[in-house]
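Notes follow once the structure below has been shown.
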Amino acid sequence: MTTHVRIAAVAATILITITGSGCTWLKARAYEGFGRDGWQKPDEVIAALKIESGDRVADLGSGSGYFTIRLAKAVGPNGKVYAVDVDKKMNERLRQRLWVAGVQNAEIVLGAFEDPKLPDGEIDLIFTSNTYHHIQDRPTYFRNLQTDLSAKGRVAIIDFDGRKGWFVKLQGHFTPKEEVLEEMAEAGYEVDEDHTFIDRQSFIVFRPKP
């Protein structure tokens, strides 16, 4: 075994331990570590979403709140962000983080695996980053979400697409872009915008088909 292969194997073992340990602190580090600001380009993502002041945004799979706080700033004091996650411990960690940051326009929602528990007809943007590949029966899930969207509602999906990142490939934490497009079309959506500035993820904004 070469040195590089040995290092990669050790790193894989550590990361698998982190993500499977159930430790909220370690899980948060797994979500946000490894220079994420550099490759995720969060400021460009927020700008590309064209969020308006007063919008109501759902952050599906909010985790440790990497995008939640940025989304809360984008919607302004008259807007609202629903931070949805199925992990109670991550929700509590995010609650503390929001309190420290002084964010008052975000509501934490304990979602179910089949239902994010959003208010019907009120969501202007459903946003999800690095979560799509975890969702079961995605066409049905996103078809059902149409009832939560407002008249101008959109769905923005960012997910690893398998082009880069040995860890996401090892863990199967990615969805090929073609698969996202096919499943969302099956769910009743059409592409509104297709952004290509993240070199390891697809970033597609959808609208319900007329």
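Here, each number is a calculation from the coordinates, and none is a lab measurement. As the structure is a computational prediction, the values presented were derived from the model and not from experiment. Cβ atoms come from the backbone with ideal geometry, glycine included; neighbour counts cover every protein chain shown.
For the reader, a short list of remarks on this structure follows.
- Stretchable slack from Leu110 to Thr147, in nm (0.36 nm times residue separation minus alpha-carbon distance): 11.5 nm
- The alpha-carbon atoms of segment 81-157, seen along their principal axes, cover 36, 26, 18 angstrom, with the largest extent given first.
- Peptide ranges 148-157, 77-86, 105-114 listed from the most packed, as the mean C-beta count within 10 angstrom indicates: 77-86, 148-157, 105-114
- Computing FRET efficiency as 1/(1 + (r/R0)^6) for Glu186 and Asp43, where r is the C-beta to C-beta distance and R0 is 35 Å, gives about 0.60.
- Across Lys88/Lys177; Lys88/Lys117; Lys88/Lys152, pairs whose alpha-carbon gap is larger than 26 Å: Lys88/Lys177; Lys88/Lys152
- Computed over the alpha-carbon pairs of segment 41-208, the distance histogram in 5 Å steps reads 2, 9, 18, 23, 22, 17, 8, 2, 0 percent, short to long.
- Neighbour-count order for Trp99, Trp39, fewest beta carbons within 10 angstrom listed first: Trp99, Trp39
- Think of segment 41-208 as a dipole: +1 on every Lys or Arg Cβ, -1 on every Asp or Glu Cβ, centred on the Cα centre; then among Ser62, Ile126, Pro208, Ser62 lies furthest on the positive end.
- Student exercise, segment 41-208 dipole from Lys, Arg, Asp, Glu Cβ charges, in Debye to nearest 20: 740
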